[in-house]
1. Would you check which residues across the stretch 58-89 are more than 30 Å from Pro114 (Cβ to Cβ) and touching a Lys or Arg at 6+ places or on another chain (Cβ under 6 Å) and list them?
2. Would you please list the contacts, defined by Cβ atoms under 6 Å and residues six or more apart or on different chains, that run from a residue in the stretch 216-236 that is in contact (Cβ under 8 Å) with a residue 24 or more places away in the chain to a residue that is part of a strand (DSSP E or B) and loosely packed, with under 15 Cβ neighbours inside 10 Å?
3. Tell me whether the stretch 274-283 contains one or more residues that are among the aromatic types (Phe, Trp, Tyr), modelled with pLDDT of 95 or more, within 22 Å of Ala87 (Cα to Cα) and crowded, with 21+ Cβ neighbours inside 10 Å.
4. Does Ser127 fit the bill of being closer than 23 Å to Thr291 by Cα and of a type in the set (S, T, N, Q)?
5. Which one is modelled with the highest pLDDT, of the residues in the stretch 181-199 that are buried (at least 18 other Cβ atoms within 10 Å of the Cβ) and assigned to a loop (DSSP other than H, G, I, E, B)?
6. Taking the stated definitions as given, is Glu120 farther than 27 Å from Ala83 by Cα, acidic (Asp, Glu) and at pLDDT 95 or above?
7. Counting just the residues of the stretch 135-168 that are among the charged types (D, E, K, R) and part of a strand (DSSP E or B), which one comes out farthest from Thr248 (Cα to Cα)?
8. Count, please, the residues in the stretch 243-262 that happen to be over 29 Å from the mean Cα position of the chain (by Cα) and surrounded by fewer than 24 Cβ atoms within 10 Å (Cβ to Cβ).
Amino acid sequence: MGTPTRRTIDYQLPRVMRLLLSPSPQLTGGVARAGAASTCALVAIALLASGMTVGAVPNSTTIAAPYHGTVFLTNSTGIYGCAKATAWASPHFALKTGTGGLGVRSSSKGCGGPGGTGSETASIAVSVLVRFATAGFHRIAESVSVRALETEATVLGHCAPRSTANSYCTAFANQSIESYAALVDSTNGSALYSSNFLSTYNSSLNYSYCSRGSCHSYSVNTQRGSLGAITFYVNGSFKSGHKYVLITFVLSAVAASTGAYQSGLTGASASSRLDLQTAGNGFVLTSISIT
């Protein structure tokens, strides 16, 4: 958990604002789907939707399922060489229950040396209409849960240098999940981001490097961040007559690659898998509290 990075912010909302000039994805039952070219178009939908305004509502209120809003789902695949990637469980979210999930995986084999890279991304974004009792300062506390089974593995196999100069072989796999919230003022296009977020990153690397007949092998595993239940906070001052939507993001990505330079590579493999779908894993939007 921590403060959202600029990388996260740049990846989502600012790029999407330009999509307002383009046709929005087709909506069916409050759900929009798109490929890689319009991964972030959710906000275009949110801004075009009829958001709630500042008006006469209780000084504090809690919103829970069934939610009124829009669901935007995306996934994209990248494959090069001896690799595979897929969303084995398509991203989904039900406004009626406040629950959703997804599953992605990728793999690669050495194939004698060329290797390959497989990558898969999938995301869930939920925009919910919100309003405030009065203009001025308010706090939004959104309770969510993101749980996943994360697995990755690499095997370097046999790396056979074909040159007395520099050569190497690699097998690498990684995965990441990130979740946060943003409150969008659909009247002027501005946004406030949650002061905290969920994030996890795991990777596995096997590497062999040879130079002038001397070879060295390395193995590195990395694990950062954690998932689970969290309350996202968005605080700010809000204007009378403006319309607002709260957007919650769950972003996932996996990648696996093998490769060699000036070497033959046999028996190498890399794989990465994320499960936000089975055995208690998934995304739950529990409630939204406004004070």
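1. Result: Pro66, Leu73.
2. Asn235/Arg139
3. Taking the stretch 274-283 as the starting set, the residues that turn out to be among the aromatic types (Phe, Trp, Tyr) are 283.
Imposing the further condition that a residue be modelled with pLDDT of 95 or more reduces the set to 283.
Now narrow it down to the ones that are within 22 Å of Ala87 (Cα to Cα): 283.
Within this subset, residues satisfying the condition of being crowded, with 21+ Cβ neighbours inside 10 Å are 283.
Checked the stretch 274-283: at least one residue is among the aromatic types (Phe, Trp, Tyr), modelled with pLDDT of 95 or more, within 22 Å of Ala87 (Cα to Cα) and crowded, with 21+ Cβ neighbours inside 10 Å.
4. Considered against the rule, which asks whether it is closer than 23 Å to Thr291 by Cα and of a type in the set (S, T, N, Q), Ser127 comes out as yes.
5. Ser194
6. Working: farther than 27 Å from Ala83 by Cα: no; acidic (Asp, Glu): yes; at pLDDT 95 or above: yes.
No; evaluated as a whole, the condition is false for this residue.
7. Ranking the qualifying residues of the stretch 135-168, first place goes to Glu152.
8. 2
The values are calculated or read from the model by the stated rules, or taken from the named source; none is laboratory data. The structure displayed is predicted, hence computed values, not measured ones. Using ideal geometry, Cβ is built from the backbone for each residue, glycine included, and neighbour counts are taken over all protein chains shown.
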